Amino acid sequence: MSWDLYAQDFPPVASVEDIPEDFDPQPLGPRDTVILKIRAVLPDVDFSDPGWGLLRREGWSIEFNLGNDAECSGVSLYVRGGGADAMEVVDSILHAIGARGIDLQTSRFFTLEAARKSFGTWQDYRDQVVDALTSSVSSTAM
């Protein structure tokens, strides 16, 4: 279970609903260049597999899906765990690669303030699911 974001070249519109139907996003660039941009702000990210990166931090992690093509059209981010600085790191990634992101929990463009709230809401939901599963397993084991 993860908090997810999709980043690409989106037009400078106020909301996702305002993206023109005929909008044709530009690639973010060669995948190797996108990786270099991410590593410039996060030197400890592991891109052993150039299509999938992994950043591990205390209490949380981010997986990066850059796809298998040499030209990178977008990046999916999967944030797991919880931590006060995870959204700041997501923000730094978006700035580094020159992309806008859509918070897939809210279907809105990423802003740091809104993402902090969305990530907190997601963590609360995740904790409820884990608690329910734990309670279910505990009562079955008796």
Give me the percent of accessible area attributable to carbon and sulfur for segment 2-93, probe 1.4 angstrom. 49
Extension gain, Glu21 back to Leu112 (0.36 nm per residue minus Cα-Cα distance, nm): 30.1 nm
Return one number: the angle in degrees, 0 to 90 and rounded to the nearest 10, between the long axis of the Cα atoms of helix 86-97 and the longest principal axis of the Cα atoms of the chain. 20
Can you give the accessible area of Thr134 in Å² (nearest 10), computed on protein heavy atoms with a 1.4 Å probe? 80
Between Leu36 and Leu133, what is 0.36 nm times their sequence separation minus the Cα-Cα distance? Round to one decimal in nm. 30.9 nm
Rounded to 10°, Cα long-axis angle of helix 31-41 versus longest principal axis of the chain: 60
Centroid-to-centroid separation of segment 1-76 and segment 86-140 [C-alpha atoms, Å]: 16
Rank these by accessible area, largest first, 1.4 Å probe: Thr121, Thr33. Thr121, Thr33
With a 1.4 Å probe and all protein chains left in place, how much accessible area per residue does the chain have, in Å²? 57
Where labels lie 7 Å past Cα in the beta-carbon direction, separation of Arg126 and Ala96 in nm: 2.0
What residue among Ser107, Ser48, Ser92 shows peak mean-square fluctuation when the chain is described by a Gaussian network model with Cα springs under 10 Å? Ser48
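The values are calculated or read from the model by the stated rules, or taken from the named source; none is laboratory data. Remember, predicted model here, so these are calculated numbers, not experimental data. Glycine gets a Cβ as well: all are built from the backbone with ideal geometry, and neighbour counts include every protein chain shown. Only protein heavy atoms, including side chains, enter the accessible area calculation; ligands, DNA and RNA are left aside. Shrake-Rupley method; radii C 1.70, N 1.55, O 1.52, S 1.80 Å.
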